[in-house]
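The values are calculated or read from the model by the stated rules, or taken from the named source; none is laboratory data. As the structure is a computational prediction, the values presented were derived from the model and not from experiment. Note that each Cβ is placed from the backbone with ideal geometry, even for glycine, and that neighbours are counted across all protein chains shown.
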Amino acid sequence: MIIDFACEQALAFLDRVAGAVTDAASNALAGLVESVRTVFEGDPDTRRKVAFSVAMIALSAKMAKADGVVTENEVNAFRDIFDIPESEFKNVARLYNLARQDVAGYEAYAEKMAALCGTCKDNCPILEDILDGLFHIAKADGLVHENELSFLRRIAEIFHISETHFERILARHVHVHGLDPYKVLGVHEGMPLADIRKRYRELVAEHHPDKLIARGVPAEFHGIANERMSMLNNAWSTIQRELRAA
C-alpha cells in the first residue's frame, strides 16, 4: 500500500505546509484541506489526490498516537503506505511528527476530509479507503487498542459511514474469534447461496481497483483495493465450501 509523492504539485504543497505550520498543530492541521482547495482551485483531480495524501499523513499520525504511544511498528506501517522520495522525507516527516504530538483537532480535520466526497454523504468509497489505511496503522503492533478502535469509530461517524458498514470494514481487519466470512460480505447465515453470491459480486464490482482510479485515489494506493478483494474472495470461498459441504 503505497502513495507516491512524485507528484510535483503534491510535493510543492507539502513544502509550503511544512514551512507554514507552527506548534499550534491542531489549528494547522484543521486548515490543511481548505488550503488544498485554495492552492488547486482549478484542478479538482489534483486537489483530491493531494488532499487524500495529506489526510493519510495527518490522520495516520493521530491514529498511531490514539493508544498513547507511537511504536516502531506503527511508524513502519506508515512507511509501508507512503513511498517518499528522500529529498521530500523531511517535509513529510515534519507534518507527521506535528500531527502525532497528540490526537487533538482530529475531528475538525476529519470533517474537512469528509468534504472530499461532495454530494456523496453516506458510506463514501474514498473515505472508506482512508479508513482502511488507518486500520493498517492501528493493527501494526498486533493489536487494535480500545482507544484506537474508539478513534476509528469516531472517524467513521464523521465520515458518515454507517454502523453496519463500519462493522463490515472492522471484520476485514480484526478477527478476535477468527475471520467471520458472513460479516465480511455483510450477509447472514441462513441466506440462500444465490443471494450471497449476488452480494459478493456487487462488492467485487464496487471495490475493483479500477474504481479507485475513477474516484481520484492515487494509483499507488491500490494495494488497499487488492487487500479488500482478497478478503472478499476468501470470505466467498469459505462460505461456498461451508454450504456445499452441509
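Leu134 - would you say it is within 14 Å of the chain's Cα centre (by Cα), part of a helix (DSSP H, G or I), on the phi < 0 side of the Ramachandran plot and in contact (Cβ under 8 Å) with a residue 60 or more places away in the chain? Write out each step before concluding.
Values: within 14 Å of the chain's Cα centre (by Cα): yes; part of a helix (DSSP H, G or I): yes; on the phi < 0 side of the Ramachandran plot: yes; in contact (Cβ under 8 Å) with a residue 60 or more places away in the chain: yes.
Taking the combined requirement at face value, the residue satisfies it.
Determine whether Ile155 is modelled with pLDDT of 80 or more and not acidic (Asp, Glu).
yes
Each row is one residue, and each column tells you yes or no for (1) among the hydrophobic types (A, V, I, L, M, F, W, C); (2) modelled with pLDDT of 70 or more; (3) surrounded by 14 or more Cβ atoms within 10 Å (Cβ to Cβ).
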{"residue": "Val54", "(1), (2), (3)": "yes, yes, yes"}
{"residue": "Ser60", "(1), (2), (3)": "no, yes, yes"}
{"residue": "Met63", "(1), (2), (3)": "yes, yes, yes"}
{"residue": "Ile81", "(1), (2), (3)": "yes, no, yes"}
{"residue": "Leu95", "(1), (2), (3)": "yes, no, yes"}
{"residue": "Pro125", "(1), (2), (3)": "no, yes, yes"}
{"residue": "Asp129", "(1), (2), (3)": "no, yes, yes"}
{"residue": "Gly142", "(1), (2), (3)": "no, yes, no"}
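For region 171-218, name all the residues that are of a type in the set (Gly, Ala, Ser) and either under 15 Å from Glu242 (Cα atoms) or over 21 Å from the mean Cα position of the chain (by Cα) (or both). Spell out how you get there, then give the answer.
Keep residues of region 171-218 that are of a type in the set (Gly, Ala, Ser), which gives 171, 178, 186, 190, 194, 205, 214, 216.
Once the filter is applied, which keeps residues that are of a type in the set (Gly, Ala, Ser) and either under 15 Å from Glu242 (Cα atoms) or over 21 Å from the mean Cα position of the chain (by Cα) (or both), region 171-218 yields Gly178, Gly190, Ala194.
I need the full set of residues from region 160-177 which are of a type in the set (A, V, I, L, M, F, W, C) and either assigned to a helix (DSSP H, G or I) or closer than 18 Å to Ala66 by Cα (or both), in order please.
Pass one, region 160-177, residues of a type in the set (A, V, I, L, M, F, W, C): 161, 166, 169-171, 174, 176.
Scanning region 160-177 gives Phe166, Ile169, Leu170, Ala171, Val174.
When Ala194 is evaluated against the numbered criteria (1) in a loop (DSSP other than H, G, I, E, B); (2) at pLDDT 90 or above; (3) not charged (D, E, K, R), which criterion, by number, is the only one it fails?
Among (1) in a loop (DSSP other than H, G, I, E, B); (2) at pLDDT 90 or above; (3) not charged (D, E, K, R), the lone unmet condition for Ala194 is (1).
Answer yes or no: is there a residue in region 211-220 that is over 23 Å from Glu107 (Cα atoms), in contact (Cβ under 8 Å) with a residue 12 or more places away in the chain, of a type in the set (Gly, Ala, Ser) and exposed (fewer than 13 other Cβ atoms within 10 Å of the Cβ).
Within region 211-220, one or more residues are over 23 Å from Glu107 (Cα atoms), in contact (Cβ under 8 Å) with a residue 12 or more places away in the chain, of a type in the set (Gly, Ala, Ser) and exposed (fewer than 13 other Cβ atoms within 10 Å of the Cβ).
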